[in-house]
Amino acid sequence: MKKRNVLPLKSLMIVIAFAFALTGCGWNSGPNNKAGNAGNASQTNTNGKTDANAANGNAAGTDTKATNDSGSKKPVELLNVSYDPTRELYEAYNKLFADYWKQEKGQDVTVKQSHGGSGAQARAVIDGLEADVVTLALGYDIDSVSQKGFINPDWQQKFDNNSSPYTSTIVFLVRKGNPKGIKDWNDLVKPGVQVITPNPKTSGGARWNYLAAWGYALKQNNGDEAKAQAFVKALFKNVPVLDTGARGSTTTFVQKGIGDVLLAWENEALLSVKELGADKFEIVYPSLSILAEPPVAVVDKNVDKKGTREVAEAYLDYLYTEPAQQVIAQNFYRPQLASVAEQFKDQFPDIPMLTIDNDFGGWAEAQKKHFSDGGVFDQIYTPGS
Amino acid sequence: MTSSAKKKAKPRSVLPGFGLSLGFTVFYLSIIVIIPLIGIFVKTSGLTPEQFWHTVTNARVLASYKVSFLTSFYAALVNLVFGLLIAWVLVRYKFPGKRLLDSLIDMPFALPTAVAGISLTAIYAPNGWVGKLLDPLGIKVAFTPLGITLALIFIGLPFVVRTVQPVLQDLDNEVEEAAVMLGAFRWRTFRRVVLPELIPPLLTGFALAFARGIGEYGSVVFISGNMPMKTEIAPLLIMTKLEQFDYRGATAIALVMLVVSFLLLLLINYLQWRSNRRVVSA
């Protein structure tokens with residue numbers, strides 16, 4: 001009898017001991033990891049692009065003294081709350097910035113990343129996730145964080161180009177050989193063409209898709225809104241699956257083989273082609289698209305509380321420099337800097353683009369008219385309309 | 001005199017520390033369950049009754065309740081039948097690999113629901129392993145209510161099996177043997193002797209699977225296709241409201257689902273209690 005009692009107790013203790021060992025490992029590996037990261041960063045630097053090297057070399061030259069003076073500066077940690085498709089971009093950029101900051105200020109900086117749907121990430125910050133900077137898909141999401149008092153209202157003027165260090169656009173991804181002959185937006189409303197796009201109610205990227213289609217239809221019909229609405233309605237009639245996010249839609253189209261055309265961020269489309277081979281998919285640029293400007297902002301309330309304002313602002317400022325713009329272009333976002341744009345001009349063809357501010361009256365206006373409850377997007381699914 | 005002595009003695013429970021443990025229970029439940037649920041009521045109270053009514057009776061929202069509740073109901077029904085069958089086989093028969101099969105039942109509990117959703121979609125999509133075979137027959141599974149039901153069957157299965165299994169295991173063989181000795185055939189023995197014992201756990205399993213299905217999000221969003229008015233589930237509409245920072249609208253829908261689910265569970269519990277009583281008295 002006694003033996004039977006002991007056995008579960010013993011196994012329980014083993015489990016507990018095991019759990020402790022696991023958490024212990026986690027704690028121990030923290031600083032090690034950091035060291036590893038720093039090592040990686042410096043390695044990237046020496047192997048990096050020549051431009052990056054030159055810029056960093058200069059910085060290092062002038063700041064050797066500073067490094068020696070303040071070598072004992074406390075390491076600092078930033079949290080960058082971003083959206084899904086920027087994961088690879090910021091992984092690369094964080095190394096670049098950590099290296100720059102070490103040389104500039106002699107301080108170790110670790111940037112942690114958080115990725116998810118753009119709206120969900122904004123809500124997390126509103127609900128208390130202590131982000132130092134937010135780099136989201138839509139100005140509307142940052143506006144919402146700003147309205148709750150976390151970010152000063154003039155955030156969009158704080159950095160160049162509407163606080164968007166990189167842009168993107170909406171393109172079509174079709175299967176190799178373009179079997180349905182899709183060239184432009186009006187091919188998407190033809191019967192028998194299946195269009196894959198995420199749901200504009202849950203996905204930031206899908207809102208850009210929708211607005212690009214709307215803008216095209218408006219131009220075609222000389223500004224007739226009723227006709228534009230009919231066009232968008234016909235387009236969404238051809239949508240068999242509305243995923244909740246951009247990556248979900250990419251999976252539906254690429255992995256499950258559903259649909260004839262995927263409306264996608266240009267960076268996602270380029271990544272898909274690169275990852276899956278140019279023998280399976282090709283990118284079609286429509287005659288008109290939209291300039292997607294994913295903006296960035298410092299979360300004023302959090303950086304003032306944590307005392308990280310200086311490094312947080314530098315983190316976003318440095319995005320506009322040449323080495324950073326190189327990384328941005330390598331990760332398939334359109335760079336803002338003319339010199340880098342020139343280098344990558346084959347990767348990013350020039351097409352006419354609408355902008356949210358000039359053609360849609362800004363995000364607040366577009367959101368209210370199209371995507372809020374009862375808006376145009378809801379109406380196209382309302383029976384009888 | 002004897003009765004008063006009895007009264008005095010009765011409140012003393014065999015197990016000590018009832019007051020303390022009840023206090024802990026109430027405190028714990030408050031923090032984990034009751035306060036978050038009250039939060040839903042509080043958030044919703046920001047809406048005027050008119051706005052509330054307008055939000056929760058919108059045509060698209062109504063369609064999504066229908067999808068959510070019906071698919072959960074069908075899924076729970078399927079699990080009721082096949083869960084019983086699986087539990088029966090696992091308890092009554094010996095065969096190689098039984099242990100493995102037995103532990104496989106719990107997998108849907110452990111698997112992240114999104115993974116389940118993605119794998120089910122991959123298999124049942126028109127070009128998937130199973131979808132490819134069904135497509136020529138005109139049966140579309142992925143991106144239809146059928147697909148949603150399938151996902152809910154997957155995540156609800158363990159509830160029925162795991163509630164029925166122990167009861168079936170503890171069932172007295174002698175009663176069944178007596179029934180057979182008295183001339184009842186297999187089917188009659190099952191219907192009149194075994195099944196009545198199993199009805200309470202079956203109802204519990206059904207209720208659990210049903211409740212789980214109503215609130216399920218992760219596995220469904222991938223296989224449902226999320227088409228408004230057709231395959232949009234209520235939890236997705238809650239997410240779309242949150243995505244617009246409309247906390248009140250989201251909680252309003254949540255509140256309706258909460259109240260309806262609670263009423264349904266209450267009904268099932270009542271049925272269970274009645275069938276329990278009948279079994280005991282018979």
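Things to note:
- Computing Rg and the Kirkwood Rh from the Cα coordinates of region B:52-280 gives a ratio, Rg/Rh, of 1.04.
- Taking N as its residue count, the alpha carbon Rg of region B:1-156 over 2.2 N^0.38 Å: 1.66
- Solvent-accessible area of B:ARG274 with every protein chain in place, 1.4 Å probe, in Å² to the nearest 10: 120 Å²
- Accessible surface for B:ARG162 stands near 60 Å², nearest 10, in the context of the full protein assembly shown (1.4 Å probe).
- Projecting the Cα atoms of A:ALA131, A:ALA230, B:VAL78 onto the charge dipole of the protein assembly as shown (Cβ charges, centred on the Cα centre) puts B:VAL78 farthest toward the positive pole.
- Listed residues B:LEU271, B:LEU90, B:LEU29, most fluctuating in chain B (Gaussian network, C-alpha, under 10 Å): B:LEU29
- The listed residues A:LYS233, A:LYS219, once ranked by accessible area (1.4 Å probe) with the largest placed first, stand as A:LYS219, A:LYS233.
- Average accessible surface for the protein assembly as shown: 51 Å² per residue, computed with a 1.4 Å probe over protein heavy atoms with every protein chain in place.
- Taken about its Cα centre, the protein assembly as shown carries a charge dipole of roughly 3960 debye when the Cβ of each Lys and Arg holds +1 and the Cβ of each Asp and Glu holds -1.
- A 1.4 Å probe, protein heavy atoms only, puts the accessible area of B:ILE34 near 80 Å².
- Expressed in units of 2.2 N^0.38 Å, where N is the residue count, the Cα radius of gyration of the protein assembly as shown is 1.16.
- Of the listed residues B:PHE73, A:PHE344, B:PHE185, the order by accessible area with a 1.4 Å probe, largest first, is B:PHE185, B:PHE73, A:PHE344.
- Net charge dipole, region A:177-246: roughly 80 debye, given to the nearest 20, about the Cα centre with Cβ charges of +1 for Lys and Arg and -1 for Asp and Glu.
- Where B meets A: accessible area buried, both sides, 1.4 Å probe, Å²: 2300 Å²
- Alpha-carbon spread of region A:99-181, three principal axes, descending order, Å: 54, 36, 24
- Helical segments meeting 18 Å axial Cα length and Kyte-Doolittle 0.5 threshold in chain B (DSSP H): B:59-92, B:145-170, B:195-215, B:247-281
- 1.4 Å probe, heavy atoms, protein only - residues of region A:218-259 losing at least 20 Å² accessible area vs chain alone: A:PRO240, A:VAL241, A:LEU242, A:ASP243, A:THR244, A:LYS256, A:ILE258
- Spin-label model distance (nm) - A:ALA278 vs A:ASP346, 7 Å beyond Cα toward Cβ: 0.8 nm
- Cα-based Rg / Dmax (Å) for region B:149-209: 14.1, 44
- Accessible-area ranking of B:LYS98, A:LYS369, largest first, probe 1.4 Å: A:LYS369, B:LYS98
- Area projected by the alpha carbon convex hull of region B:171-282, averaged over all directions, nm²: 9.9 nm²
- Residues of region B:234-259 that lose at least 40 Å² of accessible area (1.4 Å probe, protein heavy atoms only) when the other protein chains are present, relative to their chain alone, are B:THR240, B:GLU243, B:GLN244, B:PHE245, B:TYR247.
- Sulfur and carbon atoms: percent of accessible area, chain B [1.4 Å]: 71 percent
- Helical mean residue ellipticity (222 nm; -39500 (n - 2.57) per DSSP H run of 4+; nearest 500) of the protein assembly as shown: -19500 deg cm²/dmol
- Space enclosed by the convex hull of the alpha-carbon atoms of region A:73-230, per residue, Å³: 161 Å³
- Within the accessible area of region A:194-311 (1.4 Å probe), percent carbon and sulfur: 50 percent
- Residues of region A:347-381 that bury at least 30 Å² of accessible area when the other protein chains are present, relative to the chain alone (probe 1.4 Å, heavy atoms, ligands and nucleic acids excluded): A:ASP373, A:TYR381.
The values are calculated or read from the model by the stated rules, or taken from the named source; none is laboratory data. Here the structure is a predicted model, which is why all the values come from computation and not from measurement. For neighbour counting, all protein chains shown are included, and Cβ atoms are generated from backbone atoms with ideal geometry for every residue, glycine included. All accessible areas refer to the heavy atoms of the entire protein, side chains included, with ligands and DNA or RNA removed. Shrake-Rupley method; radii C 1.70, N 1.55, O 1.52, S 1.80 Å.
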